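To start, the structure under review is shown below, and the notes come after it.
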Amino acid sequence: MSLKRRYLILTVCLTTALLCLAYPIYVIRPFRHQGATELQAALLVMRFRGIVELVASGVAVTVAIGAWRKVSVIALATMSILFAGLSRVNVYEKMFHPITNITFGAAGDSKLDGDEKVIAIAIGAARAYPIRSISYHHIVNDVVDGVPVAATY
């Protein structure tokens with residue numbers, strides 16, 4: 001196989017792996033409107049990207065084996081495998097982790113605006129979780145009057 005053909009195949013493998021990694025992250029990012037069509041496409045990519053990336057990585061390795069002395073060939077194959085591996089990481093799980101070490105103060109001492117929205121829980125004791133504070137994490141794990149609760153937004 002010619003070197004030019006190897007580069008072409010490796011470029012296709014790299015582009016495929018990069019698209020499988022980047023497109024769902026681009027579409028399903030927080031605080032961004034997601035159109036129905038693009039969301040459906042991103043979910044479809046996520047559904048099949050495992051097998052697609054496995055094939056692309058296998059092809060990249062096979063092509064690279066024949067030209068292992070060319071550093072650029074090995075670099076393209078390695079990047080394809082790296083992108084495939086990175087897409088196995090759930091970035092949303094890394095971004096949105098629950099708040100577990102929360103502190104509370106008296107309502108009179110709070111610095112909340114009068115129009116501040118909160119999620120309130122009253123089970124013997126009362127708690128208020130400002131949405132501004134939990135909007136990034138989306139969930140607060142707490143114990144209110146001995147009862148475990150999860151406040152989510």
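Rounded to the nearest 20 debye, the dipole magnitude of the chain is 1180 debye, with +1 charges on Lys and Arg beta carbons, -1 on Asp and Glu beta carbons, and the Cα centre as origin.
Provide the FRET efficiency to the nearest 0.05 for the L3-T78 pair, computing r from the beta carbons and using R0 = 30 Å. After rounding, the FRET efficiency stands at 0.95.
Shown here for the stretch 52-88: trypsin sites (Lys or Arg not before Pro) in loop regions (DSSP other than H, G, I, E, B) with at most 11 other Cβ atoms within 10 Å, namely R69, R88.
The local environment of A22, defined by Cβ-Cβ distances under 15 Å, has a net charge of +2 under the rule Lys, Arg +1 and Asp, Glu -1. The Rg/Rh ratio for the stretch 24-153, using Cα coordinates for both the radius of gyration and the Kirkwood hydrodynamic radius, is 1.22. For the chain, the relative contact order works out to 21 percent when only alpha carbon pairs closer than 8 Å and six or more residues apart are counted.
Pairs of C-alpha atoms in the stretch 3-95 farther apart than 18 Å represent 47 percent of all such pairs.
Here the convex hull built on the C-alpha positions of the stretch 107-152 has a volume of 76 cubic angstrom per residue. Between I65, V91, A128, the Cα set farthest toward the positive side of the dipole of the stretch 24-153 (charges on each charged residue's Cβ, about the Cα centre) is that of I65.
Where a number appears in this text, it was derived from the coordinates with a stated rule and is not lab data. Computed from a prediction, not measured in an experiment: that's the story for all the values here. As a convention, Cβ positions derive from the backbone with ideal geometry for all residues, glycine included, and neighbour counts pool all protein chains shown.
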